[in-house]
Structure formats: C-alpha cells, structure tokens
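The values are calculated or read from the model by the stated rules, or taken from the named source; none is laboratory data. For clarity, every value in this text was computed on a predicted model and none was experimentally measured. Heads up, the Cβs are rebuilt from the backbone with ideal geometry, glycines too, and the neighbour counts pull from every protein chain shown. Surface accessibility is based on the protein's heavy atoms, side chains included, excluding ligands, DNA and RNA. Shrake-Rupley method; radii C 1.70, N 1.55, O 1.52, S 1.80 Å.
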Amino acid sequence: MTRLPHDGFVRFHAYLDPVNQWVIGRGTEYRNGIGMTVLRPLASYNNLSTVWGVYYVNDTQFKLRCADSPQIFLANNTRDDAMRLVSEQNSHGQSALFTIEDLDPSPWFALNNADKSRVADISQSFMVDNRYVISFPWNGGDNQKWRVEVVPRTW
C-alpha cells in the first residue's frame, strides 16, 4: 500500500507523460482565499509551487497543503470542475481529505477524495501547462493515474 510521508513533502507525477514529468501544481491565480490546481512541467516549475505538505488526519486520510503557502490546501469539488486551492476560512465545506488507492502496475495510484467517489484527473487527457486538474469519477483512464515523489525539505 502506498503511504505518503506523515508531515512530509511530495510531488504528484502524471502517468500520461512520465518522461517530461508533469506534476500537480498551484495555479498562478489565487485571490480571496481560492485558486485552481493545475498541471506543471517539472522542468519549468521545479520549485515550491509543485510541492505539497502531507498531513494525516487518521490512518488513511490526509490533507495536502501548499509547501510555499501552508495556509492554503487542496480541496475536491463535487462537480467535474478544477480542484480548488482554498484557505481554511474559504473552504465552504469542500472536502479537503484525500486517500490513495494503489493501481497495477506499481507505483501508480489514484488520488481519491475521502469517500472515494472522485479522483484527481487531467482534464481532456493531454498535457498542457496550466491545464486544470479536475475531480472526476474513476473511469480507469491513464489521465487518472499518479505516482509520488518524496521531496526533502531544503528550504
């Protein structure tokens, strides 16, 4: 079972293009306590905007906070829309809890919401900088598969 480091830092790499290393990152627009989660090519954004802090709330569920802005965390939508970056004050009840479900072949997994009804998904199944990462029901597509990279804290 894939287990993220408790109170550690990670990047999530997309399955669709492992050579170019596309990762989940923080969008550049963040206003009034809300923003979007997007794809980033690691070669261009090898910085804290692609690193997530992992905070387990129980044995299997965790929150993901932006490494460069720990007051901002990743939240799921209930619609087929971009996953949100929200502050505690502006979460408006959106689910900020995630789980991981291992896939075959290892080390790929699905990044699920807490009740496993939706997963992190690449909108329209191709890689473009600033493409939204959406919350979508599992369909087994390659655009819903991720792997984790543990990032040592060097800042």
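Worth a mention:
- Within the range 46-63, tally of residues that are part of a loop (DSSP other than H, G, I, E, B), in contact (Cβ under 8 Å) with a residue 12 or more places away in the chain and farther than 16 Å from Arg84 by Cα: 4
- Hey, Asp59 modelled with pLDDT of 85 or more, acidic (Asp, Glu), surrounded by fewer than 20 Cβ atoms within 10 Å (Cβ to Cβ) and farther than 22 Å from Phe136 by Cα or not: yes
- Residues located in the range 120-151, provided they are at positive phi and either loosely packed, with under 12 Cβ neighbours inside 10 Å or touching a strand residue (DSSP E or B) at 6+ places or on another chain (Cβ under 8 Å) (or both): Gln124, Asn130, Gly140
- Any hit, the range 11-18, residues being hydroxyl-bearing (Ser, Thr, Tyr) and assigned to a strand (DSSP E or B): no
- Boolean, Asp68 is surrounded by fewer than 18 Cβ atoms within 10 Å (Cβ to Cβ), out of contact with any helix residue (DSSP H, G or I) (no Cβ under 7 Å at 6 or more places or on another chain) and in contact (Cβ under 8 Å) with a residue 40 or more places away in the chain: no
- Looking only at the range 22-43, residues that are small (Gly, Ala, Ser) and either under 22 Å from Lys145 (Cβ atoms) or free of Cβ contacts under 8 Å to residues at least 40 places away in the same chain (or both) come to 3 in all.
- Of the strands (runs of 3 or more DSSP E) lying entirely inside the range 64-155, those containing at least 3 residues that are more than 15 Å from Gly53 (Cβ to Cβ) and at pLDDT 90 or above are 98-102, 109-113, 119-122, 133-136.
- Tyr45 being within 15 Å of Val133 (Cβ to Cβ) and at pLDDT below 90: yes
- A search for C-beta distances below 7 Å between a residue of the range 7-21 that is within 26 Å of Gln61 (Cβ to Cβ) and open to solvent by less than 10 Å² (accessible area, probe 1.4 Å) and any residue that is outside any loop (DSSP other than H, G, I, E, B) and basic (Lys, Arg), counting only pairs 6+ apart in sequence or on different chains, returns His13/Arg147.
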